Amino acid sequence: MTTTITRRSMLAGLSALAVAPAQIPAHAQSGRTITMMHGFTPGANVDFVARLVADNLSKRLGQPFVVEPRPGAGGTTSAATVARATPDGTTLSILPGGHAVSAAIYKQLPYNAVEDFSFISLLTDFPFILVTYPDHPAKTIADVVKTAQADPGKLTCATAGNGTGMHLAFELFAAMAKAKIQHVPYRGSPQGLVDVLAKRVDFQMDNPTSVLPFIKDGRLRALGVTGPQRFFMVPDVPTIAEQGVPGYSVTSWLGVAGPAKLPAAFVSKVNTEIRAILQDPSVIEKLRGFGNEIKATTPEEFKAKVADDVAKWTKVVADANIPRV
């Protein structure tokens, strides 16, 4: 999606920035198009967020932005392209929480997940939800843990596949709860949900957009959310941490980044504009409508989050003996 602007509106937008020309890259003075890549298909949550942010940045910076989906290899194809891009501010990316997961799962990537990127700001985050069929005997996370400890391997949990964020969130939960639960990987969320609905699998760990329609119509029951606080879309569902697994906290996220060595003034300016965008009530409403919590950060906080997640998931992969690919 490209936002077209007139020369008059572009000049007006640049004047409103009140930034001396030497403080931002030359392309920001010439109105060159900024490409915002992501590694998912058009229409996905990442694509929606990317287009919403790109459109608002275009209006505020007075420059055209174009969103370019480049799916492949779990988002690593897009990330590799951004990591290799010239650090002049014309190529940015929407990175997902899976960016850190990939660093833990893949033996080799064509980039370093932390050092080869300039992190600008997180945008949103969201938890996963552990669900089951309505008449499952386990009514709480405590019930799940008690059964799993009493009869190791009896219970089963589906995810969207080996090495996904949901898989690692499940493995971390099982490890912290000291509960032996059999992982059942599927090629995507829908196949797993079919088997949970049919009572062939006990649970599924999944993202809110996949399971909320089933929770709302009563075909699934939410047992717990993985985040540090209750999730606004299911406020009556306790967190896993508050149900007897203290310290457990997993959220996935989306954020804006670019190649390493972006000019500091450019990073600062875009961060400032993103923070302003994420305070806009209409933007907040749209993002929350897709199940996103608002999560603006400084560049330093975003980089630290990615580094922490890479370390966390690398340890989970090693401790659970998950094969690296």
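The values are calculated or read from the model by the stated rules, or taken from the named source; none is laboratory data. As the structure is a prediction and not an experimental result, all values here were calculated from the model. Note that each Cβ is placed from the backbone with ideal geometry, even for glycine, and that neighbours are counted across all protein chains shown.
Assorted remarks:
- Look at (1) within 16 Å of residue 95 (Cβ to Cβ); (2) crowded, with 16+ Cβ neighbours inside 10 Å; (3) under 18 Å from the mean Cα position of the chain (by Cα) and you find that residue 260 fails only one, number (3).
- Lone unmet requirement of (1) in contact with a Phe, Trp or Tyr (Cβ under 8 Å, 6 or more places away or on another chain); (2) outside any helix (DSSP H, G or I); (3) not polar (S, T, N, Q) for residue 103: (2)
- The range 46-71, subset of a type in the set (S, T, N, Q) and either closer than 12 Å to residue 92 by Cα or at pLDDT 95 or above (or both), residue surrounded by the most Cβ atoms within 10 Å (Cβ to Cβ): 58
- When 155, 168 are checked against the criterion of being buried (at least 18 other Cβ atoms within 10 Å of the Cβ), in contact with an Asp or Glu (Cβ under 6 Å, 6 or more places away or on another chain) and not assigned by TED's automatic domain parsing to the domain that holds residue 270, 155 stands alone in meeting it.
- Applying a threshold of 7 Å to beta carbon distances and a minimum spacing of six or more residues, or different chains, the list of pairs starting in the range 309-325 at a residue that is touching a residue at least 12 places away in the same chain (Cβ under 8 Å) and ending at one that is exposed (fewer than 14 other Cβ atoms within 10 Å of the Cβ) reads 317/324; 324/107; 325/107.
- Those residues of the range 266-325 which are in a loop (DSSP other than H, G, I, E, B), among the β-branched types (Val, Ile, Thr) and either over 16 Å from residue 169 (Cα atoms) or within 14 Å of the chain's Cα centre (by Cα) (or both), in sequence order: 297, 298, 325
- Output for the range 291-325, where each listed residue is crowded, with 17+ Cβ neighbours inside 10 Å and touching a Ser or Thr at 6+ places or on another chain (Cβ under 8 Å): 291, 292, 293, 295, 296, 297, 299, 302, 305
- Selection status of residue 191, surrounded by fewer than 17 Cβ atoms within 10 Å (Cβ to Cβ) and part of a loop (DSSP other than H, G, I, E, B): no
- Residue in the range 216-239 that is in a helix (DSSP H, G or I) and either among the charged types (D, E, K, R) or modelled with pLDDT of 95 or more (or both) present: yes
- Neighbours by Cβ (under 6 Å, 6+ apart or cross-chain): first from the range 277-303, among the polar types (S, T, N, Q); second surrounded by 14 or more Cβ atoms within 10 Å (Cβ to Cβ): 292/124; 292/126; 297/121; 297/122
For every residue, the table says whether it meets (1) among the acidic types (Asp, Glu); (2) closer than 20 Å to residue 167 by Cα.
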position: 199; (1), (2): no, yes
position: 232; (1), (2): no, no
position: 245; (1), (2): no, yes
position: 257; (1), (2): no, no
position: 267; (1), (2): no, no
position: 273; (1), (2): yes, no
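- Residue selected from the range 41-66 under the condition β-branched (Val, Ile, Thr) and in contact with a helix residue (DSSP H, G or I) (Cβ under 8 Å, 6 or more places away or on another chain), by the criterion farthest from residue 291 (Cα to Cα): 66
- Residue list for the range 197-224, filter: out of contact with any Leu (no Cβ under 8 Å at 6 or more places or on another chain) and either among the basic types (Lys, Arg) or under 15 Å from residue 169 (Cβ atoms) (or both): 199, 200, 207, 208, 216, 221
- For the range 248-261, the criterion of being farther than 27 Å from residue 114 by Cα and either assigned to a strand (DSSP E or B) or outside the structural domain of residue 151 (by TED's automatic domain parsing) (or both) is met by none of the residues.
- Every residue from the range 210-233 that is among the charged types (D, E, K, R) and either closer than 13 Å to residue 193 by Cα or crowded, with 20+ Cβ neighbours inside 10 Å (or both): 219, 221
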